[in-house]
1. Any residue at all in the range 17-32 that's without any contact (Cβ under 8 Å) to a residue 12 or more places away in the chain, in contact with a strand residue (DSSP E or B) (Cβ under 8 Å, 6 or more places away or on another chain), surrounded by fewer than 19 Cβ atoms within 10 Å (Cβ to Cβ) and assigned to a helix (DSSP H, G or I)?
2. Filter the range 127-169 down to the residues that are more than 18 Å from residue 98 (Cβ to Cβ) and without any contact (Cβ under 8 Å) to a residue 12 or more places away in the chain, then identify the one that is farthest from the chain's Cα centre (by Cα).
3. For the range 115-128, check the following and say yes or no: at least one residue is within 20 Å of residue 174 (Cα to Cα) and out of contact with any strand residue (DSSP E or B) (no Cβ under 9 Å at 6 or more places or on another chain).
4. Can you say whether residue 101 is at pLDDT 95 or above, closer than 22 Å to residue 189 by Cα and in contact with a helix residue (DSSP H, G or I) (Cβ under 6 Å, 6 or more places away or on another chain), as far as the supplied structure shows?
5. Residue 91 is checked against (1) over 22 Å from residue 204 (Cα atoms); (2) within 17 Å of the chain's Cα centre (by Cα); (3) in contact (Cβ under 8 Å) with a residue 40 or more places away in the chain and fails just one. What number does that condition carry?
6. Mind checking which residues of the range 170-208 are out of contact with any helix residue (DSSP H, G or I) (no Cβ under 9 Å at 6 or more places or on another chain), part of a loop (DSSP other than H, G, I, E, B) and in contact (Cβ under 8 Å) with a residue 60 or more places away in the chain?
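The values are calculated or read from the model by the stated rules, or taken from the named source; none is laboratory data. All values derive from a computational prediction rather than experimental measurement. We place every Cβ from the backbone using ideal geometry, glycine too, and count neighbours over all the protein chains shown.
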């Protein structure tokens, strides 16, 4: 985990694939970005996470060190005032150049943490996508999610009503067989600083 920005209110980190954003259940799953930040910064609040990336997704996260910063940033994510851009490799060749995916999906309570397509009870997720190119039978693609649903980009990639091609090495919706290898990276994050109100944009080099 690399810290790329810090001040007395917030910390921005570049998370590797395979590391939890927040602690899971049980002491063996305490290691996470949030736990490491709490241990590293004296006076950090109990729960500094303001948003999450899946364990197998790499890239940018912003965490809050104070209650005021946490409240402000959480509202920005809730109200879709932040801007997030991702890069991915899909395990196949995608036709088309760009588009928008809008699909309703929800948690599969019989098979957590899978998300499933559900036109009746699902909540809508929207993602803009643009194909960057084909590389050795794989598709490099840019994602710009408008909503921030759990596993949104992974479901939108894999589902037949989405792109119909899973993200490479996705252990839940594709053919991934080990943690920490999925090719999905949060490469750009923009938000308003909770104290100075300056608009900040951070970028992270894609590792694949």
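1. Checked the range 17-32: at least one residue is without any contact (Cβ under 8 Å) to a residue 12 or more places away in the chain, in contact with a strand residue (DSSP E or B) (Cβ under 8 Å, 6 or more places away or on another chain), surrounded by fewer than 19 Cβ atoms within 10 Å (Cβ to Cβ) and assigned to a helix (DSSP H, G or I).
2. 136
3. Scanning the range 115-128, I find no residue that is within 20 Å of residue 174 (Cα to Cα) and out of contact with any strand residue (DSSP E or B) (no Cβ under 9 Å at 6 or more places or on another chain), so the answer is no.
4. Judged against the criteria, residue 101 is a match.
5. (2)
6. 171, 175, 176, 179, 180, 181, 183, 204, 206, 207, 208
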